[in-house]
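Okay, structure first, notes after.
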Amino acid sequence: MARNRINDLRKEMNISQEILSAQIGTTQQAISRMEKQSYNIPSDILIKLSKFFNVSTDYILGISETKHNSDCLDHMTANLEENYGIILRYQNLNEINQKTFLCILERLEQAQCESKKQHERRKKNAQNSNM
């Protein structure tokens, strides 16, 4: 079995397992197991990973060296058009400000992850109190 590329893709984006897990609706432990290939990637999670990283499922699984299929390229083009102004502004920043921006972005992702977890805990507590 070919080595999957989840770890490589995650590191390319400079995000933690926790942030990735929150973005695709699974746990950090599941991401760790998938990266270590200690269990098969569920198909729904594989599709979410493919969409999140904008790569083909075959690329994630190590079956293909082709990173993007036509659906991924269409999605990337739409995202690029939508976010082109942000990209230009980022490129105009000096190196220190680019690093600062990436740190801020990571902190925002962490805060969003924490907020999702709090919301899920409140929802679970509400369900438990209704029983």
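Every number in this text was worked out from the coordinates using simple rules, so none of it is lab data. These numbers come from a predicted model, not from an experiment. Positions of Cβ are generated from backbone atoms using ideal geometry, with glycine treated the same way; all protein chains shown enter the neighbour counts.
Express the relative contact order of the chain as a whole percentage, based on alpha carbon pairs under 8 Å and six or more residues apart in sequence.
Relative contact order here is 23 percent.
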Quick check for the chain: number of Lys pairs with alpha-carbon distance under 22 Å, counting only pairs 8 or more apart or on different chains?
15
Treat each spin label as a single point 7 Å out from the Cα along the C-beta direction, and report the MET13 to TYR90 distance in nm.
1.2 nm
Tell me the label only: which of (1) 17.9; (2) 16.7; (3) 17.1 is Kirkwood radius over Cα pairs in Å as calculated from this structure?
(2)
Extension reserve of the LYS117-LEU105 stretch, reckoned as 0.36 nm per residue once the Cα distance is removed
2.5 nm
